[in-house]
1. Considering each of Gln102, Gln48 in turn, give the residue that is within 20 Å of Lys133 (Cβ to Cβ) and in a helix (DSSP H, G or I).
2. Among the numbered criteria (1) under 14 Å from the mean Cα position of the chain (by Cα); (2) surrounded by fewer than 19 Cβ atoms within 10 Å (Cβ to Cβ), which one does Ile90 miss?
3. Within the stretch 116-156, track down each residue that is outside any strand (DSSP E or B) and of a type in the set (Ser, Thr, Tyr).
4. Are any residues in the stretch 77-99 in a loop (DSSP other than H, G, I, E, B) and in contact with a Lys or Arg (Cβ under 7 Å, 6 or more places away or on another chain), and if so, which ones?
5. Within the group Leu96, Leu57, Leu140, which residue is of a type in the set (A, V, I, L, M) and at pLDDT below 95?
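The values are calculated or read from the model by the stated rules, or taken from the named source; none is laboratory data. Just so we're clear, the structure is a prediction, and the values are computed from it rather than from any experiment. Cβ atoms come from the backbone with ideal geometry, glycine included; neighbour counts cover every protein chain shown.
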Amino acid sequence: MIISSVPCLPVVNKMQGEPQPAQQNQTIQAELPAYELPPKWIPLDERQNHPDYNNDLRKFLPRALKLRRNKTTDQLGFNVRGGREHNCGIYISKVLPNTDAQRLGLKEGDQIITVNEADFLNVEHAEAVKILKRNLDVQLTVRYFPYGYDRTYGKIRPLRSATQ
């Protein structure tokens, strides 16, 4: 496990329409995924743009999103899976098309770190769903973490090039 202090990305706020800049010198602690060597079958000069290899670690940085609903019965636009009872975090398993969640960049494989400052790293699935459903304003901190998501319920995801 590697812990690194990284700059925080801007908060994306649906109500204001533009990202708010992170405060200067604001840092957060982030657990980096285990390093995996690139597949030997991808030539060195093709790695940068190859769908199965990308060394841009910015996509793994935590980001903040804000969703607002008019009533608690309105959908949030995404499904979750995982939880403490499954020995993993809470992950986005599906994002519905044409929703605010999709427009803000939420995607399958995002791990929910906090919701309205409630810690989601070690929460049971039922409690996570209750917290998400009871709020009109939902401030999410998420990070793209496919390595953890692939381990939810033994989920195995094929490489993108193998499915094309």
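1. Checking each option against the conditions leaves just Gln102.
2. Just one mismatch for Ile90, condition (2).
3. Applying the first criterion (outside any strand (DSSP E or B)) to the stretch 116-156 yields 116-117, 120-136, 145-156.
Selection gives Tyr147, Tyr149, Thr152, Tyr153.
4. Cys88
5. Values: Leu96 fails: at pLDDT below 95; Leu140 fails: at pLDDT below 95.
It is Leu57.
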